[in-house]
Amino acid sequence: MALRTFATRKTLGELCKFQQQVRGLQTFTLPDLSYDYGALEPAISGEIMQLHHQKHHQTYITNYNKAIEQLDDAITKGDASTAVKLQSAIKFNGGGHVNHSIFWKNLAPAREGGGEPPHGSLGSAINQSFSSLEKLIAKMNAEGAALQGSGWVWLAVDKELKRLVVETTANQDPLVTKGPSLVPLVGIDVWEHAYYLQYKNVRPDYLKNIWKVINWKYASQVYEKECP
């Protein structure tokens with residue numbers, strides 16, 4: 001009985017500590033884009049951008065906020081079973097918000113520099129790691145096209161090893177799930193909702209054209225911050 005009572009107190013103590021952490025989390029709101037929905041055409045249609053931003057991204061935010069509230073309630077009640085069940089919803093929807101918030105910054109209209117090749121330290125790092133920008137793009141396109149189901153393909157910097165890597169993540173898993181030292185520079189959404197209305201089921205065509213509006217200036221800023 002004494003051992004059981006100790007275990008119960010320990011579990012409740014952990015739940016209370018977790019509750020404090022949960023209450024420290026902020027709910028999310030949909031970020032504004034720095035360009036109009038139609039500004040990325042013809043690479044990405046305005047219809048896709050509007051649906052992607054207003055419907056899909058907003059749904060991740062709504063579901064994440066709801067799950068956080070339910071988690072707080074479950075911990076208040078000492079309902080560990082419900083708290084555990086909510087973890088997958090928090091990871092999925094929270095990851096969806098994190099990934100899409102990066103994705104919008106990774107894009108820029110051609111008239112505002114979208115598609116312009118990276119220069120400076122990031123350009124040099126790409127040449128050193130992949131021989132050329134063209135080979136990097138070919139690698140990311142191949143891995144993105146080969147990804148089964150839904151997910152993301154990333155160019156990242158390993159801030160501990162100071163080197164560039166290409167990674168893929170499934171569903172809405174954020175890049176950090178592949179390693180805590182990985183920082184995303186460019187993330188490309190290969191869920192069908194990102195391209196199907198325009199490219200149907202031909203994902204390689206979408207991957208080929210999205211590079212015309214990739215914001216390498218943003219990627220360079222992140223790289224220089226992580227690898228000064």
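For the chain, the longest principal axis of the alpha carbon atoms and the long axis of helix 133-146 meet at an angle near 50°.
Each helix, a run of at least 4 DSSP H residues, gives -39500 (n - 2.57); summed and divided by the residues of the chain, these come to -17000 deg cm²/dmol at 222 nm.
Between Ala110 and Thr29, what FRET efficiency follows from the Cβ-Cβ distance if R0 is 25 Å, with the result rounded to 0.05? About 0.30, to the nearest 0.05.
Among residues other than Gln58 with Cβ under 13 Å from its Cβ, the summed charge is +1 (Lys and Arg +1, Asp and Glu -1). Relative to the dominant Cα principal axis of the chain, helix 2-23 is inclined by about 40°.
The gain in end-to-end length when the Asp73 to Gln50 segment is fully stretched comes to 4.9 nm, 0.36 nm per residue minus the alpha carbon separation. A straight line joining the Cα centroids of the range 126-151 and the range 75-102 runs 31 Å. Largest mean-square fluctuation among Val166, Val176, Val153, in a Gaussian network model of the chain whose springs join Cα atoms under 10 Å apart, belongs to Val176.
Could you work out the equivalent-ellipsoid semi-axes for the range 43-144, taking the square root of 5 times each eigenvalue of the Cα gyration tensor, largest first, in whole Å?
Working from the Cα gyration tensor, I get semi-axes of 38, 18, 11 Å.
In plain terms, the chain from Leu133 to Thr177 could stretch by 13.3 nm, reckoned as 0.36 nm per residue minus the Cα-Cα distance.
Each value in this text was obtained by applying a stated rule to the coordinates, not by laboratory testing. It should be emphasised that the depicted structure is a prediction, and the values quoted were computed from it without experimental measurement. Neighbour counts run over all protein chains shown; Cβ positions are idealised from the backbone, glycine included.
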